[in-house]
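Report on the structure given below.
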Amino acid sequence: MSDKYKKILMVLIPLMIAIAMPLIVTDNYFRGIFIMTLIYIIVVLGLNFITGLTGQMNLGTAGIFAMGSYTTALLSTKLGISPWLTIIGSIIMGLIIGVGLGYPSLRVQGVYLALTTIGFGEIVRILISNFKFTNGIMGIRDIPAFTIGSFSFDDKLARYYLYLVFVVIMGVVAYRITNSKWGRLFKAIRDNYEAVQAVGVDIAKPKVLAFTLAAIYGCVAGSLYAVHMEFITPSVYTFDLSTTFIVMMMLGGIGSVPGCILGAVVCTILPELLRDFGNWYWIIFSILVLLVILFRPNGIISFLKTRKKSVKEGVK
Amino acid sequence: MAQTVLQLIIGGLAMGFIYALVSIEYTIIWNASGLLNFSHERLILLGAYLFGAQFVVRNGISNPIAVVLMLICTFFIGVLISYVLMRPLRNLPLVFSVTGTIMLGRIITEGVRLIWGNNPIPLVGWLEGTIKAGELVINRTYIIIIIVAAVLVAALQIFLNKTKVGTAMRCVSQNKKAAAFMGIDVDRSSAITMGISAVICGIIGILIIPLFQLKGDMTGMIGIKGFAAGVVGGFGYIPGGIVGGILIGVLESLSTLVVPGIYKDIVSFILLIVFLLVRPSGILGHKA
């Protein structure tokens with residue numbers, strides 16, 4: 001009983017903080033940072049399915065993110081479709097990428113897959129910065145905001161709460177999937193795929209599924225990003241962005257939904273708090289991440305878990 | 001027309017040799033420790049800055065001595081990285097080791113930025129100039145790259161096959177346990193491998209200074225294209241990397257005849273994905 005009580009508190013307290021934060025910090029710049037944090041949380045939750053749970057290295061997340069952004073940007077500016085509907089468009093785009101990237105992943109493993117996904121990310125970046133209909137390196141301007149009737153979410157505060165709703169829904173879905181039959185199958189493939197095959201379970205389908213989930217989450221986050229920025233250029237979607245997503249997941253706690261959320265929050269907000277260190281910030285941060293990888297492979301979330309609990313989880 | 005093609009082929013060959021060197025440099029680490037070094041681009045950057053920004057511009061040392069000093073420094077940096085980072089990473093799953101080397105790359109980039117600043121550093125007269133052969137005008141840098149790379153490849157083959165240290169390195173890459181039983185110090189051998197790899201990175205760094213200038217993003221996509229070269233030729237197999245690198249360099253250069261130059265960079269990635277899907281063992285068909 002007390003365990004369940006604790007669990008509810010673990011969800012409620014962060015949620016309360018998330019709701020209160022933009023009211024406490026009224027600075028518009030910081031509200032923008034909070035919105036970016038929410039967007040990154042969605043991407044990292046998606047990445048967690050494929051890299052965290054299934055153990056397949058995906059270094060092309062920036063490409064997925066870009067496809068989502070450009071789907072929304074092109075549909076809403078060129079065809080005048082409502083931004084709400086473009087999210088459906090970007091979910092479909094996620095499905096296409098997921099199946100398209102997922103099937104190759106059946107043939108290649110480990111580093112080969114990491115290289116394939118790097119190739120995918122780079123191809124997407126080069127194409128969107130050269131195609132005419134994506135307006136090349138100039139990017140796309142004037143992406144309309146979400147509206148309900150006459151109410152428009154162009155105010156940062158309103159947009160923050162709208163995106164928070166997205167994060168809560170996608171977070172709950174991610175948590176449910178992680179602790180479902182699918183989630184356990186993903187983890188089993190990561191830990192020992194030969195054993196999974198040996199007991200007669202098809203490993204092809206869950207891999208494609210994990211890829212598709214990752215692509216859908218990435219694309220939806222890309223859409224939200226495009227609507228938030230109102231103006232997107234290809235220079236954002238670099239290999240460095242893909243690695244930043246991986247770092248967020250690693251730092252927070254690979255394979256764990258609360259860990260991913262924590263990682264995205266820390267990696268987005270900490271730079272702003274450490275502005276005073278100036279030039280030294282990135283090098284300090286990189287060394288810290290490296291130390292976490294070497295000595296705490298399960299991320300900072302593993303500091304929060306008590307020893308007793310981790311033993312119990314092991315038995316489960 | 002024939003002249004343009006010939007010039008493109010020479011330029012492509014030079015870039016191809018650079019990709020070939022990149023693929024050799026990470027392949028020896030991959031063979032020795034099963035790690036893919038994603039920080040190699042930054043090691044190339046570090047080598048170029050150590051030579052150009054530190055020794056030549058700041059200390060005013062003459063070019064040949066600066067090259068030697070840079071090679072010694074990069075070797076020991078490589079050995080240090082091997083003991084501090086690669087050894088613990090070797091025992092972690094792939095996701096961690098890849099991220100670990102990526103973070104190492106970021107640390108090096110930031111270090112370079114903090115020490116030598118953001119602005120491009122001009123390095124006048126280093127490997128620059130043109131060579132005229134009849135009607136043909138060739139960039140002198142290309143010729144030097146091709147010669148240095150060819151010598152380096154040959155020297156490495158001799159080192160790996162004829163010397164005791166080289167034989168030990170090959171033994172470790174084939175079977176770590178057996179190597180340890182035969183009395184080979186696996187850690188030390190891996191450290192030497194990493195050191196040699198860092199030295200090759202440094203040489204690549206100084207070779208590309210005339211092509212891309214001495215600046216923070218000088219390495220561009222060389223690192224990733226080097227991975228593509230390895231896959232096209234045969235991953236984890238040194239001759240494969242050389243063949244793949246030259247092929248990618250020449251095809252990339254010739255592609256500007258058919259498609260606009262801006263799509264040049266895409267050639268290597270398409271080759272990478274096609275080969276991974278259709279023929280993962282590469283052109284030479286070597287089983288890794």
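So here's what we get for this one:
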| quantity | calculated |
| --- | --- |
| When residues of region A:258-273 are limited to those that are surrounded by fewer than 24 Cβ atoms within 10 Å (Cβ to Cβ) and either touching a Gly at 6+ places or on another chain (Cβ under 8 Å) or in contact (Cβ under 8 Å) with a residue 24 or more places away in the chain (or both), the one nearest to A:Ile50 (Cα to Cα) | A:Pro258 |
| Unique match (being under 19 Å from B:Cys201 (Cβ atoms), more than 11 Å from chain A (Cβ to nearest Cβ) and within 15 Å of the chain's Cα centre (by Cα)) among B:Ile77, B:Ile24, B:Ile72 | B:Ile24 |
| Selected residue (criterion: farthest from B:Leu276 (Cα to Cα)) from residues of region B:232-255 that are modelled with pLDDT of 90 or more and within 13 Å of another protein chain (Cβ to nearest Cβ) | B:Ser255 |
| Residue satisfying all of: in region A:123-174; among the hydroxyl-bearing types (Ser, Thr, Tyr) and part of a strand (DSSP E or B); farthest from B:Phe269 (Cα to Cα) among these | A:Ser152 |
| Test result for A:Gly222, crowded, with 24+ Cβ neighbours inside 10 Å, closer than 14 Å to B:Val95 by Cα and not polar (S, T, N, Q) | no |
| Residue ID - nearest to the other protein chains (Cβ to nearest Cβ), chosen from residues in region B:92-137 that are among the hydroxyl-bearing types (Ser, Thr, Tyr) and closer than 30 Å to A:Leu113 by Cβ | B:Thr99 |
| Selection status of A:Met57, modelled with pLDDT under 90, open to solvent by less than 10 Å² (accessible area, probe 1.4 Å) and within 26 Å of A:Gly253 (Cβ to Cβ) | yes |
| Hits in region B:132-152 (condition: among the β-branched types (Val, Ile, Thr), open to solvent by 80 Å² or more (accessible area, probe 1.4 Å) and more than 15 Å from B:Met15 (Cα to Cα)) | B:Val151 |
| Selected residue (only one of A:Tyr225, A:Tyr217 is under 11 Å from the mean Cα position of the chain (by Cα), away from chain B (no Cβ under 14 Å) and of a type in the set (Phe, Trp, Tyr)) | A:Tyr217 |
| Filter result for A:Thr77 (in contact with a Pro (Cβ under 8 Å, 6 or more places away or on another chain), of a type in the set (Ser, Thr, Tyr), open to solvent by less than 10 Å² (accessible area, probe 1.4 Å) and more than 10 Å from every other protein chain (Cβ to nearest Cβ)) | no |
| Count - residues of region A:92-116 that are more than 9 Å from every other protein chain (Cβ to nearest Cβ), of a type in the set (A, V, I, L, M) and surrounded by 18 or more Cβ atoms within 10 Å (Cβ to Cβ) | 3 |
| Filtered residue count, region A:117-143, keeping only those that are within 14 Å of chain B (Cβ to nearest Cβ) and open to solvent by less than 20 Å² (accessible area, probe 1.4 Å) | 10 |
| Output for region A:169-184, where each listed residue is of a type in the set (A, V, I, L, M, F, W, C) and closer than 17 Å to A:Ser256 by Cβ | A:Met170, A:Val172, A:Val173, A:Ala174, A:Ile177, A:Trp182 |
| Flag if B:Leu89 is aliphatic (A, V, I, L, M), surrounded by fewer than 16 Cβ atoms within 10 Å (Cβ to Cβ) and touching a residue at least 24 places away in the same chain (Cβ under 8 Å) | no |
| Options A:Thr37, A:Thr61; residue that is within 14 Å of another protein chain (Cβ to nearest Cβ), of a type in the set (Ser, Thr, Tyr) and within 24 Å of A:Gly139 (Cα to Cα) | A:Thr61 |
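Here is a yes/no grid of residues against (1) more than 22 Å from B:Asn91 (Cβ to Cβ); (2) at pLDDT 80 or above; (3) within 11 Å of chain B (Cβ to nearest Cβ):
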| site | (1), (2), (3) |
| --- | --- |
| A:Gly255 | no, yes, yes |
| A:Cys260 | yes, yes, no |
| A:Ile269 | yes, yes, no |
| A:Phe295 | no, yes, yes |
| A:Leu304 | yes, no, no |
| A:Arg307 | yes, no, no |
| A:Val311 | yes, no, no |
| A:Val315 | yes, no, no |
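The values are calculated or read from the model by the stated rules, or taken from the named source; none is laboratory data. What you see is a predicted model, and the numbers here were worked out from it, not measured in a lab. All Cβ positions, glycine included, derive from the backbone under ideal geometry; neighbour counts span all protein chains shown. Side chains included, ligands, DNA and RNA excluded: accessible areas come from the protein's heavy atoms. Shrake-Rupley method; radii C 1.70, N 1.55, O 1.52, S 1.80 Å.
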